[in-house]
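What follows is a set of notes on a single structure, which appears directly below.
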Amino acid sequence: MLFLTPLLLSLSPRPPLRASRPALASSRLRLSSSSSPSSPSSSPSASLPTDLHAHRRHLLDALEQVETAIRAEGGEILRPPPSVGVGTRRSVYEPSYGYLSKSAGSYVATDNASPLDGRAGPPSSALDLAVRSFLRECVELTRALWGKEEAVAEPKANGVSVQETLEAAAFREELAKLELSNEAIWERERQREQVDAPLVLKLPYYVLCYALDIFFDGRPIARFWFLETVARIPYFSYISMLHLYESLGWWRRSAETKQVHFAEEWNEFHHLLIMESLGGDQRWADRFLARHAAILYYWLLIFLWIASPTLAYNFSELIEAHAVDTYAEFVDANAPRLRALPAPRIARLYYEADDLHYFDEFQTVGPRGARRPRLASLYDVFSQVRDDEAAHVGTMAQCQDAAALVRAPRAEAFAFAAAGGAAAARLLLETPADTLAAKLLDGELPVEELQAAAGEGGALLEAALEPISDALEALVAFFLTLFESGGLS
């Protein structure tokens, strides 16, 4: 009966998120990944370095000086880069350990990109892509079954120096030392203000969270990658349903909300790319689980939206609030190590881009443009991800209809009362009349029979739902009164 609850709620979605919002920019988010400017020679006698790696470092130094000068001219306050023990600030963590970014490609061109990267235009046919993916993953599945799966896919790039290889190895060692306590996450959740949600949402929420605790215990980066893979799905499903309602002519008042949802999906996508760059998608089992969970999650949210858009938003608020607790605990527990590690390149390209239109679009709680991140280390990256999730919590709360949330517990109470009534009816039909009458006349409440008839639902009512239990006791007392007065004789 729990899953009938959404059908008892209002089917009307929430009015527009904001009364007015700026028009969507016609151009995409342009990441500041332009080619490095040529550095002027310090003197006429300056000669081109003979070593290509030295020349590369020379150009990167010049580029960083130019960027610093531009920011200083704009009046921006820059924090000095920390002393990074592993990796280099200049390389901005050039090695990328993302399995999918190497195999399936990425829209951001990197030095170690695969041939698929940088290829503009549409993808090939679904059959071609499916065959490529199947053959690629079959090899990884075989390695995983035989226990020969590599812990980290080594970046294969032409011209990688020995020093950079050593830095990458040291970086991986530091990443492996990062910790995350499941108990500390739940303690944070207990200490903060709770998200009001009906039981029909709380049950799957707890099942999902405890499954993550078990499956990804001791592997925080892989856990984050899984979370970000699934975290993109709600916003895509909401856009799909809003588009469908517009096409059917049912609802066109939330058109601007689609912009916010796209910006949220774009934000979660870059969280995913960041976790990929840290090697979160290396295991075949993690990729298999994340892909299938994402597809299942999409259709569950579609049907939940059809029943009640507010419940769909409410469930997302639960998930995003848990993400805030998770990232906050991770940042606080690993602050010294995170401050000693450089920021991934994709994080710099997203958070420090010239055009932050989409980044500002989902900041619906605070003033637009208030956040302008500057990343000096991996600590800043995860701090920004944490703050992004907090912004998603506020946005999801704004999307909900308060009246629907009030009706949800009432609908649940009705569903449980119906279940209790069905159990009582079954009891009256299956229990011999003489036995039942004797118990009632002796002043005994047939609790055991009620629980047996209702099964697990009866135990749940008695243990967790005191108001419903009281109502059932009143119902039994009413039947007792009838028997004692001879009303059913």
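Quick check on A340: is it of a type outside the set (S, T, N, Q) and under 30 Å from Y210 (Cα atoms)? Answer is no for this residue. Within segment 364-376, being of a type outside the set (A, V, I, L, M) and buried (at least 21 other Cβ atoms within 10 Å of the Cβ) holds for one residue alone: T364.
Inclusion of A222 among residues that are more than 17 Å from H392 (Cβ to Cβ), in contact with a Phe, Trp or Tyr (Cβ under 6 Å, 6 or more places away or on another chain) and either touching a residue at least 12 places away in the same chain (Cβ under 8 Å) or surrounded by fewer than 18 Cβ atoms within 10 Å (Cβ to Cβ) (or both) is warranted.
Is there a residue in segment 293-305 that is assigned to a helix (DSSP H, G or I) and within 11 Å of the chain's Cα centre (by Cα)?
Filtering segment 293-305 down to residues assigned to a helix (DSSP H, G or I) leaves 293-305.
Pick out the ones that are also within 11 Å of the chain's Cα centre (by Cα) and you get 294.
Among the residues of segment 293-305, at least one is assigned to a helix (DSSP H, G or I) and within 11 Å of the chain's Cα centre (by Cα), which makes the answer yes.
Inclusion of L180 among residues that are surrounded by 17 or more Cβ atoms within 10 Å (Cβ to Cβ) and hydrophobic (A, V, I, L, M, F, W, C) is warranted. Taking segment 124-162 as the range and being part of a loop (DSSP other than H, G, I, E, B) and either in contact with a strand residue (DSSP E or B) (Cβ under 8 Å, 6 or more places away or on another chain) or modelled with pLDDT of 80 or more (or both) as the test, the residues that pass are S124, S125.
The lone criterion from (1) in a helix (DSSP H, G or I); (2) on the phi > 0 side of the Ramachandran plot left unmet by G279 is number (1).
Yes or no: A285 of a type outside the set (D, E, K, R) and more than 17 Å from A397 (Cα to Cα)? Spelling it out, A285 is indeed of a type outside the set (D, E, K, R) and more than 17 Å from A397 (Cα to Cα).
Residues are listed down the side, and each one gets a yes or a no for (1) in a helix (DSSP H, G or I); (2) in contact (Cβ under 8 Å) with a residue 12 or more places away in the chain; (3) of a type in the set (G, A, S); (4) surrounded by fewer than 18 Cβ atoms within 10 Å (Cβ to Cβ):
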position	(1), (2), (3), (4)
E317	yes, yes, no, no
H322	yes, yes, no, no
A328	yes, yes, yes, no
L341	no, yes, no, no
F359	yes, yes, no, no
D388	yes, yes, no, no
M396	yes, yes, no, no
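For segment 361-386, filtering for residues that are charged (D, E, K, R), out of contact with any helix residue (DSSP H, G or I) (no Cβ under 8 Å at 6 or more places or on another chain) and part of a loop (DSSP other than H, G, I, E, B) leaves 1. Sub-6 Å Cβ pairs linking a first residue in segment 240-265 that is aromatic (F, W, Y) to a second residue that is not in a loop (DSSP other than H, G, I, E, B), at least 6 apart or interchain, are W251/Y245, ordered by first then second residue.
F171 - would you say it is at negative phi, modelled with pLDDT of 95 or more and not in a loop (DSSP other than H, G, I, E, B)? Can you show your working first?
Numbers: at negative phi: yes; modelled with pLDDT of 95 or more: no; not in a loop (DSSP other than H, G, I, E, B): yes.
Criteria not met by F171.
The rows are residues; the columns are (1) among the hydroxyl-bearing types (S, T, Y); (2) in a helix (DSSP H, G or I).
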{"residue": "R188", "(1), (2)": "no, yes"}
{"residue": "K202", "(1), (2)": "no, yes"}
{"residue": "Y206", "(1), (2)": "yes, yes"}
{"residue": "G218", "(1), (2)": "no, no"}
{"residue": "I221", "(1), (2)": "no, yes"}
{"residue": "V230", "(1), (2)": "no, yes"}
{"residue": "Y235", "(1), (2)": "yes, yes"}
{"residue": "L244", "(1), (2)": "no, yes"}
{"residue": "W250", "(1), (2)": "no, no"}
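For first residues located in segment 124-146 and within 19 Å of Q282 (Cβ to Cβ) and of a type in the set (D, E, K, R), partners that are modelled with pLDDT under 85 and surrounded by 12 or more Cβ atoms within 10 Å (Cβ to Cβ) and lie 6+ apart or on another chain with Cβ distances below 7 Å form the pairs R136/S103; E140/E149; R143/E149. When F269 is tested against (1) assigned to a helix (DSSP H, G or I); (2) crowded, with 19+ Cβ neighbours inside 10 Å, only condition (2) is not met.
The values are calculated or read from the model by the stated rules, or taken from the named source; none is laboratory data. Every value quoted in this text rests on a predicted model; they were computed, and no experiment measured them. In this analysis, Cβ positions are derived from the backbone assuming ideal geometry, glycine residues included, and neighbour counts consider all displayed protein chains.
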